[in-house]
Amino acid sequence: MTSERSPLHPNTVAVTAGRPAAGPDQPLNPPLVLASTFGGGGDVEYGRYGNPTWTAFEDALGALEGGRCLAFASGVAASAAVLDLVPQGGRVVAPRHSYQGTLAQLRAAEQQGRLVAETVDIADTAAVIAALDGAALVWIESPTNPALEVADVAAIAAAAHRVGVRVLADNTFATPLLRRPLDDGADIVLHSATKAISGHSDVIMGAVITRDDALHADLLGRRSMQGAIPSAFEAFLALRGLRTLPLRLERAQQNAQDLVGRLTGHPALNEVRYPGFGTIVSVVLADGDTADTFVRAVRLCRFATSLGGVETTLERRRRWSTEAPTIPEGLVRISIGVEHIDDLFADLTQALDAALSTR
């Protein structure tokens, strides 16, 4: 087992980890290494097996999460590698409200007879624990996307380990600055580094982190065999984005908390969902048409399906036919950015007013 905890504060780790050794004329930042082939006899040899630019990113994110990190081509590439660990016919317990890519992978694997997927309300700890017996993996997402339910990771992990079930926690929404699931007993942490980790809507990348050396080696082997590798340039950009995560998160989270207070009570909103931390807010309007009007009426914010960038984006989630039917038709997920709070409030308010006028 490998467990690392830096004596530095996380904000400092985000800035300092993954840098080259200090010395005269040494670069402050790790270089962008554009090579498919390396000299023989070393640890890499070929670009599918490793790259120094990936390693710098992996060192930094691993230090923040407190484990060993592997970078992948995307978040779904990372989750596919983890699901590949599930034995033939194994059962996976997963949140009924979860990232669509995860649910799609589970459905596809189940249709192929690879595994059995059982979805639960991840916020109902007793129900999750009741479903664990005989499972191979419990997949935790907290907060969930887009319902923003929060799981008791420590309680679920403890119960899972008592019956020999592996635990994965998707930490994309919380980031390691707000939650460290490995500390709560998770075996694997997963990130879509496309989102808050890189933070500028210009990278597609994923990552997994673990403290189990054997599990790390297994996932590394699968990444190498399946070729689910990021480009060096993506890793370079993701690491550069990670450096400012503490600042971006602090500003965007404060904006989110302020907006929840300001928007709650608006007559166009039936509900405002926010777990108390993070940068994602979900609001529920009367119906799908009203929500679509709201989304179309924004001027500063952007209608887009991704999240975690410096800009505020929003979308009605049930516009996707694969979204869970238990998500309200009028639910709009808002990823809060770092714009000035007054400008965000003014834009969202005028858009809500426009939606209200069409009811």
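Yes/no matrix, rows are residues, columns are (1) under 16 Å from the mean Cα position of the chain (by Cα); (2) open to solvent by 10 Å² or more (accessible area, probe 1.4 Å); (3) more than 13 Å from residue 224 (Cα to Cα); (4) free of Cβ contacts under 8 Å to residues at least 12 places away in the same chain:
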position	(1), (2), (3), (4)
41	no, yes, yes, yes
45	no, yes, no, yes
53	no, no, yes, no
58	yes, yes, yes, no
68	no, yes, yes, no
71	yes, no, no, no
78	yes, no, no, no
84	no, yes, yes, no
87	no, yes, yes, no
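Scanning segment 207-234 for residues that are farther than 16 Å from residue 63 by Cα, touching a residue at least 12 places away in the same chain (Cβ under 8 Å), outside any loop (DSSP other than H, G, I, E, B) and not polar (S, T, N, Q) yields a total of 9. The single condition among (1) touching a helix residue (DSSP H, G or I) at 6+ places or on another chain (Cβ under 9 Å); (2) part of a helix (DSSP H, G or I); (3) free of Cβ contacts under 8 Å to residues at least 40 places away in the same chain that residue 241 does not meet is (3).
Please verify whether segment 99-117 includes one or more residues that are modelled with pLDDT of 95 or more, under 11 Å from the mean Cα position of the chain (by Cα) and among the basic types (Lys, Arg). For segment 99-117, residues modelled with pLDDT of 95 or more, under 11 Å from the mean Cα position of the chain (by Cα) and among the basic types (Lys, Arg): absent.
Which ones in segment 129-188 are open to solvent by less than 20 Å² (accessible area, probe 1.4 Å), of a type in the set (Val, Ile, Thr) and either closer than 25 Å to residue 332 by Cα or part of a loop (DSSP other than H, G, I, E, B) (or both)? Once the filter is applied, which keeps residues that are open to solvent by less than 20 Å² (accessible area, probe 1.4 Å), of a type in the set (Val, Ile, Thr) and either closer than 25 Å to residue 332 by Cα or part of a loop (DSSP other than H, G, I, E, B) (or both), segment 129-188 yields 140, 144, 165, 172, 175.
Matching residues to (1) without any contact (Cβ under 8 Å) to a residue 60 or more places away in the chain; (2) touching a helix residue (DSSP H, G or I) at 6+ places or on another chain (Cβ under 9 Å); (3) among the β-branched types (Val, Ile, Thr):
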{"position": "121", "(1), (2), (3)": "yes, yes, no"}
{"position": "145", "(1), (2), (3)": "no, yes, no"}
{"position": "156", "(1), (2), (3)": "yes, yes, yes"}
{"position": "168", "(1), (2), (3)": "no, yes, no"}
{"position": "190", "(1), (2), (3)": "no, yes, no"}
{"position": "193", "(1), (2), (3)": "no, yes, no"}
{"position": "196", "(1), (2), (3)": "no, yes, no"}
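Residue by residue through segment 305-328, note down the ones that are touching a strand residue (DSSP E or B) at 6+ places or on another chain (Cβ under 8 Å), under 17 Å from residue 286 (Cα atoms) and open to solvent by less than 10 Å² (accessible area, probe 1.4 Å).
Result: 314, 315.
Exactly one residue among 64, 28 is hydrophobic (A, V, I, L, M, F, W, C), closer than 15 Å to residue 239 by Cβ and open to solvent by 80 Å² or more (accessible area, probe 1.4 Å), and that residue is 28. Among the residues of segment 281-303, the ones that are open to solvent by 10 Å² or more (accessible area, probe 1.4 Å), within 20 Å of the chain's Cα centre (by Cα) and in contact (Cβ under 8 Å) with a residue 40 or more places away in the chain come to 0 in all.
For segment 123-134, a residue qualifies if it is of a type in the set (A, V, I, L, M) and either touching a residue at least 60 places away in the same chain (Cβ under 8 Å) or under 12 Å from residue 159 (Cα atoms) (or both), and the qualifying residues are 126, 127, 128, 129, 130, 131, 132. Of the candidates 19, 5, the single residue that is assigned to a loop (DSSP other than H, G, I, E, B), at pLDDT below 95, basic (Lys, Arg) and open to solvent by 60 Å² or more (accessible area, probe 1.4 Å) is 5.
Residues of segment 329-349 being buried (at least 22 other Cβ atoms within 10 Å of the Cβ), more than 19 Å from residue 199 (Cβ to Cβ) and either touching a strand residue (DSSP E or B) at 6+ places or on another chain (Cβ under 6 Å) or of a type in the set (Ser, Thr, Tyr) (or both), which ones? Across segment 329-349, the qualifying residues are 330, 331, 332.
The values are calculated or read from the model by the stated rules, or taken from the named source; none is laboratory data. It should be emphasised that the depicted structure is a prediction, and the values quoted were computed from it without experimental measurement. Note that we place each Cβ from the backbone using ideal geometry, even for glycine, and neighbour counts take in every protein chain shown. Accessible surface is based on the protein model in full, side chains and every heavy atom, while ligands, DNA and RNA are left aside. Shrake-Rupley method; radii C 1.70, N 1.55, O 1.52, S 1.80 Å.
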